[in-house]
Amino acid sequence: MKLAFFDSPVHEAAAAAVLRVLEAHGVMDIELITGESEVISQELCDGDIDIFTTLWVPDVHQDLLNSASPMQAIGGLYQPSLFIALPNKFKENIASIEQLAQQSEIDRQVMVPESIYARIEVVFKEYGLLDAGYSLQSVTDEEAISSYRDSMTSQDGKIIALYSPSFFEDSDLIYKLQDPKNLLDKEQKAVILIKKELVRSLDADLIDELEEMTLGNQVMKLMEQAMRVEGMDAHEAAEAWQRGKLVVRA
């Protein structure tokens, strides 16, 4: 069985948690798969993946869900959303996304995590930012986050396009821009995709447990913290979640 996920700690942690549930029900021969979002997405649509965690619907990944005809969406592990932020240096002068079009001190080149690129592109179009000279570069989630970390530290005028839940969203070095068109703030549902033929063949109790499985945003943040700060891998973080041992670290 192939269990796939977007290549970022948040998605990897969710996959590790789902893996533990599968193994508890006797499903043991499981191959974990990740990689570039474009490649993973194509494999998903081609039916080469058995289970995928997670897609964010109804907005962020809805097009991919619509294309993944071999798959069925179930459950809701947590409630993701997107946001655009800036380093705190600009908090007094720039409050809203729509103000970015007139801001000469903000870098027009914007790195965007590939897993949310399509939705961020829609937002930049709707706010007229592409017409104002902004350009978007799709990079891996980790490349984007590494760049954002540098921006947080240096307080350079670089846009941060990110998602919640995220270990970084509560940083006191950045602030979220207002979204008057409400294109980003709408809460999503993080669904599990399972190949339709598997839904029919797997144990009904397993499907019911996956359908009802809830991690929640706070748990996702704590698992990412465990991976980024405490040096755990995704499986260790999932075990800590299952044992109730995830805690906030100062």
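The values are calculated or read from the model by the stated rules, or taken from the named source; none is laboratory data. All values derive from a computational prediction rather than experimental measurement. For neighbour counting, all protein chains shown are included, and Cβ atoms are generated from backbone atoms with ideal geometry for every residue, glycine included. The area values use the complete protein model at the heavy-atom level, side chains included, leaving out ligands, DNA and RNA. Shrake-Rupley method; radii C 1.70, N 1.55, O 1.52, S 1.80 Å.
Can you give me the three principal axis dimensions of segment 134-178 from its C-alpha atoms, in Å, biggest first?
Here the Cα extents, ordered largest to smallest, are 25, 23, 22 Å.
Within the chain, what whole-number % of the accessible surface is contributed by carbon and sulfur, with the 1.4 Å probe and all protein chains included in the calculation?
Summing carbon and sulfur atoms, their accessible area is 42 percent of the total for the chain.
Taking the Cα atoms only, what angle lies between the long axis of helix 141-154 and the longest principal axis of the chain, rounded to 10 degrees?
Once rounded, the angle reads 40 degrees.
Along the three principal axes, how long is segment 12-85 when you take its alpha carbons, biggest first, rounded to the nearest angstrom?
Sorted from largest, the Cα extents of segment 12-85 read 40, 27, 22 Å.
For segment 1-42, rounded, prolate or oblate, judged on the Cα gyration tensor with a ≥ b ≥ c (square roots of eigenvalues), a/c < 1.5 rounded, else prolate if a/b > b/c?
oblate
Could you state the principal axis extents of the C-alpha atoms in segment 84-176, from the largest down, to the nearest angstrom?
Largest to smallest, the principal-axis extents are 31, 30, 19 Å.
Just to be sure I understand: if I project the alpha-carbon convex hull of segment 1-143 onto a plane and average over all orientations, what area do I get in nm²?
Values: hull surface 38.9 nm².
For segment 1-143, averaging the hull's shadow over all directions gives 9.7 nm².
Semi-axes of the equivalent ellipsoid of segment 194-249: what are they in whole Å, largest first, if each equals the square root of 5 times a C-alpha gyration tensor eigenvalue?
29, 11, 9
Return one number: the angle in degrees, 0 to 90 and rounded to the nearest 10, between the long axis of the Cα atoms of helix 9-24 and the longest principal axis of the Cα atoms of the chain.
Once rounded, the angle reads 10 degrees.
Using a 1.4 angstrom probe, figure out how much accessible area segment 84-176 has per residue, in square angstrom, rounded to the nearest whole. Intermediate results must be reported in sequence, preceding the final value.
Numbers: 4110 Å² over 93 residues.
I get 44 Å² per residue for this part.
Taking the alpha-carbon distance from Lys176 and a cut-off under 23 Å, which lysines remain once sequence neighbours fewer than 8 residues away in the same chain are dropped?
Excluding near neighbours in sequence, the set is Lys89, Lys91, Lys125, Lys158, Lys186, Lys189, Lys221.
If you fit an axis through the alpha-carbon atoms of helix 37-46 and take the longest principal axis of the Cα set of the chain, what angle between them do you get, 0 to 90°, nearest 10?
The angle comes out at about 40 degrees.
For Asp7, what residues show an amide H to amide H distance below 5 Å, using hydrogens built from the backbone and excluding near sequence neighbours?
Under 5 Å from the amide H of Asp7 lie the amide H atoms of Gly35, each far enough along the sequence or on another chain.
Could you tell me the calculated FRET efficiency between Arg20 and Gln155, based on Cβ-Cβ distance and R0 = 51 angstrom, to the nearest 0.05? Provide the component values of the computation, followed by the final result.
Details: r = 40 Å, r/R0 = 0.79.
It comes out at approximately 0.80.
So how compact is the chain: Cα radius of gyration and Dmax in angstrom?
For the chain, the Cα-based Rg and Dmax read 18.6, 58 Å.
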